[in-house]
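These notes are about the structure you will find just below.
Quick note: the coordinates plus some simple rules give every number you see, no bench work behind them. Here the structure is a predicted model, which means the values were calculated and not measured. So basically every Cβ, Gly included, is an ideal-geometry build from the backbone, and we count neighbours across all protein chains shown.
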Amino acid sequence: MSNPFVLDDTVKPTKLETMTPNLEFVLQSRVLVAPVMSINNLGQMGTRLMLPIIGGDFEGPLLRGRIVAGGGDWPLVRNDGVGLVDARYTYETDDGVFINIRNTGYRHGSPEAIAKLQAKEGVPDPESYYLRTYTVFEAPPGPYEWLARHVFVGIGERHPHVLFLRYYKLL
C-alpha cells in the first residue's frame with residue numbers, strides 16, 4: 001500500500017487550473033468620516049490613525065440604505081508608507097436590516113498622491129494610489145444572508161471627507 005502522505009507528480013487537482021474567478025458588482029458606498037486623529041511614532045509599527053465614521057449611504061442592485069454613525073477606521077501607516085486598512089461599521093438597509101461590515105486591506109501610492117490624500121486638499125487621481133480591501137459582511141438570516149456566505153473585494157477612491165468604495169463578490 002502506498003503512503004497517502006507522500007507528494008509525487010500524480011497528486012494534482014482535477015479542475016482547479018480552469019476555475020478562473022470572476023467578479024460581480026454588489027454595491028457602492030459613500031462613507032462620511034470625521035477629521036482624523038493620530039497616535040504618531042509607534043516605534044517600529046508606524047502611525048495609528050483613527051477616523052470616526054459619522055454616516056453615509058450605499059446602493060446596489062439587491063440592497064440600499066444608510067451607514068450608521070458610530071463605526072470607525074483605524075488604519076496603521078507603516079514606516080514604509082503603506083497603510084493597513086482596519087475599518088468596522090454598520091449598514092442599515094432601507095427595509096430596516098442591520099449588516100456589519102469589516103474592511104481590511106492596503107493603501108499605498110506615489111509620495112505626491114499620499115501627501116494629497118493626507119492633506120485633504122482636492123482629489124488625487126485614483127489611479128495614482130492603490131486602495132483595495134477584502135471585506136467580510138455579518139448579515140442575519142433572511143434576504144441578505146448571501147452577504148455572509150461569499151468573499152468580497154473592494155476598490156476605494158478617497159475624497160477629503162468621503163470614502164467611496166465599490167464592492168464585488170468573488171464568484
Can you give the local net charge around GLN28? Use residues other than it whose beta-carbon is closer than 12 angstrom to its beta-carbon, Lys and Arg +1, Asp and Glu -1. 0
Measuring from a point 7 Å past the Cα of ARG78 along Cα-to-C-beta, which residues in region 20-58 have an amide N at less than 19 Å? 39-50
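Hey, any idea what Rg/Rh is for the chain, computing Rh the Kirkwood way over Cα pairs?
1.08
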Taking a point 7 angstrom from the Cα of ALA34 along the C-beta vector, which residues in region 89-103 have backbone N less than 16 Å away? 89-90
Cα centroid of region 1-66 to Cα centroid of region 141-171, whole Å: 9
Less than 15 Å Cβ to Cβ from ARG78, Lys/Arg counted +1 and Asp/Glu -1: what total charge do the surrounding residues give? 0
With runs of 4+ DSSP H residues as the only contributors, calculate the mean residue ellipticity of the chain at 222 nm using -39,500 (n - 2.57) per run, divided by the residue total and rounded to the nearest 500. -1500 deg cm²/dmol
